[in-house]
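Visitor: Below are the structure tokens for one structure; questions will follow.
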Amino acid sequence: MRTTRASDTRSDSDDRRTLIDRVAFDKTATASDEILRLFGRFIGAGYICYLLLLAPAIAEATAMSASWWTPLAAVATFGSGLLLGASTFHADTRWVKRAASANAILYVVVILLWWPAWNGEHVTDFTLWISNFPGVASLAAAAAWRPAAAVVHLFLAATLAQLTNHIIRTSPTTHLLVPDLAFAFAWTFCAVFVAAAVMALRTGRVLDATIATTHAAAAGAAAAEAKSVERERFDALIHDTVMSTLLAASRNDADPSVIAQARRTVERLDELRSGTDHETILDFDGILAQLRSAASEVDESVAFETAISSGSDPSGYAPDSIRAIAGAMAEALRNSVKHAGSSARRSVTVTATTTRLEVVVEDDGVGFDPSSVETHRLGITVSIRGRMCQLDGGSATIRSSPGRGTSVTLTLSLPAAVMA
């Protein structure tokens with residue numbers, strides 16, 4: 001039967017929240033968004049420059065059209081261009097695309113409206129002011145639309161601009177229309193710049209996709225690592241408490257200490273199943289009480305000694321870290337009870353400062369050769385060394401030799417940054 005632990009559910013939920021937060025971040029601060037903002041400001045600056053340069057030509061063209069066309073054309077083209085530049089300072093880049101789309105459409109609409117507004121007068125070597133920057137509007141189209149639509153817009157805007165100029169001239173030279181169109185496509189802000197805008201925005205989207213893939217892979221790796229750590233914790237709990245309790249119960253009928261140990265084991269399994277986590281800040285008395293309790297559950301006769309440096313601050317020690325050290329200490333004592341011999345005496349010495357907690361478990365038993373311990377044995381590999389290595393600054397050192405007893409030193413060193 002497979003048991004689903006609440007901690008697994010919390011881990012999966014946390015992973016999903018992490019991915020959701022990452023997606024939200026990508027929507028507000030992506031590379032393509034930044035590139036889009038830069039192009040929007042570039043286009044807005046271009047419209048300001050053209051407005052200043054073409055002001056005399058705009059005033060001159062008013063004599064050739066209805067009175068409504070010039071104000072409408074100036075507000076529609078330059079106003080929407082300036083609005084595009086201003087929209088880049090909004091947090092939501094969708095407004096940039098909306099303003100860019102409006103500018104691209106309005107440019108074509110304004111040129112088409114010239115025809116009903118034109119009074120029919122012909123002028124030699126005339127150039128309608130709005131025909132000087134079809135590529136700026138097409139650059140806005142590239143920022144708002146797909147590349148194919150932006151190219152169509154460039155072709156349509158440049159063609160309408162050149163046709164308008166040719167028709168208005170006193171002696172239109174239709175055979176020069178094709179060269180003029182080719183020149184218009186290659187003019188500043190036209191084909192080259194539209195193509196550059198398309199490629200830059202595409203590069204930004206590719207970069208965003210790459211970053212999102214990398215983040216998803218990292219999140220997956222972190223989730224897998226978290227599940228692995230949780231699995232090791234569960235394995236250690238089974239070995240340290242369940243198996244040892246069952247073994248003790250099989251050897252000591254009706255022993256009160258075994259009953260207490262079994263009760264504590266059931267409580268810890270309930271905590272693991274329900275996900276109950278009592279995260280409280282411990283003082284040194286609480287830390288020592290937890291260590292002493294874990295030691296006495298294994299061996300009531302163990303000698304327990306403490307040395308606390310005066311003025312030390314225990315606030316840097318997390319409850320999870322203390323539980324891990326207590327579990328590793330209990331496993332070391334449990335191994336001693338099983339293997340050190342019936343006459344062996346055991347002791348636990350706890351030394352603590354603000355940044356270092358050391359627990360030494362010693363016995364004067366038969367000892368063993370640590371290098372001869374098989375790798376599949378969980379007691380030392382998982383419940384002692386593995387458990388301590390999972391802690392930042394945690395380590396476990398085992399010293400023993402045949403006939404000379406065993407010493408297990410558990411150390412937790414806190415970095416200075418934790419206490420800063």
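Visitor: Within segment 368-386, does at least one residue satisfy the condition of being open to solvent by 20 Å² or more (accessible area, probe 1.4 Å), touching a residue at least 24 places away in the same chain (Cβ under 8 Å) and not in a helix (DSSP H, G or I)?
Guide: yes
Visitor: For segment 401-414, give me each residue that is buried (at least 19 other Cβ atoms within 10 Å of the Cβ) and of a type in the set (S, T, N, Q).
Guide: Passing the criteria: only THR406.
Visitor: To continue, here is another question. For the condition modelled with pLDDT of 85 or more, closer than 30 Å to ASP283 by Cα and open to solvent by 80 Å² or more (accessible area, probe 1.4 Å), what is the one hit in ARG356, ARG346?
Guide: It is ARG356.
Visitor: Starting from segment 64-81, take each residue that is crowded, with 19+ Cβ neighbours inside 10 Å and list its partners that are outside any helix (DSSP H, G or I) and at pLDDT below 95, counting only C-beta distances under 7 angstrom and pairs at least six apart or across chains.
Guide: From residues that are crowded, with 19+ Cβ neighbours inside 10 Å, the pairs are MET64/TRP118; MET64/ASN119; MET64/GLU121; SER65/TRP118; SER65/ASN119.
Visitor: Now for a separate question. Only one of these conditions is not met by PHE368: (1) under 16 Å from ARG334 (Cβ atoms); (2) at pLDDT 90 or above; (3) more than 39 Å from the chain's Cα centre (by Cα). Which number is it?
Guide: (2)
Visitor: Condition first: of a type in the set (Phe, Trp, Tyr) and either touching a Lys or Arg at 6+ places or on another chain (Cβ under 7 Å) or open to solvent by 10 Å² or more (accessible area, probe 1.4 Å) (or both). Now tell me which residues in segment 115-134 satisfy that.
Guide: Scanning segment 115-134 gives TRP115, TRP118, PHE126.
Visitor: Next question. With the condition kept exactly as written, say whether any residue in segment 342-359 is without any contact (Cβ under 8 Å) to a residue 40 or more places away in the chain and assigned to a helix (DSSP H, G or I).
Guide: Checked against the condition, which is being without any contact (Cβ under 8 Å) to a residue 40 or more places away in the chain and assigned to a helix (DSSP H, G or I), segment 342-359 yields no hits at all.
Visitor: I've got another one for you. If you take the residues in segment 297-319 that are open to solvent by less than 50 Å² (accessible area, probe 1.4 Å) and part of a helix (DSSP H, G or I), which one is farthest from ASP392 (Cα to Cα)?
Guide: Selected residue: VAL298.
The values are calculated or read from the model by the stated rules, or taken from the named source; none is laboratory data. The structure presented is a predicted model; accordingly, all values stated were derived computationally and were not measured. Methodologically, a virtual Cβ is constructed for each residue, glycine included, from the backbone with ideal geometry; neighbour enumeration extends over all protein chains shown. These accessible areas exclude ligands, DNA and RNA; they are computed on the full protein's heavy atoms, side chains included. Shrake-Rupley method; radii C 1.70, N 1.55, O 1.52, S 1.80 Å.
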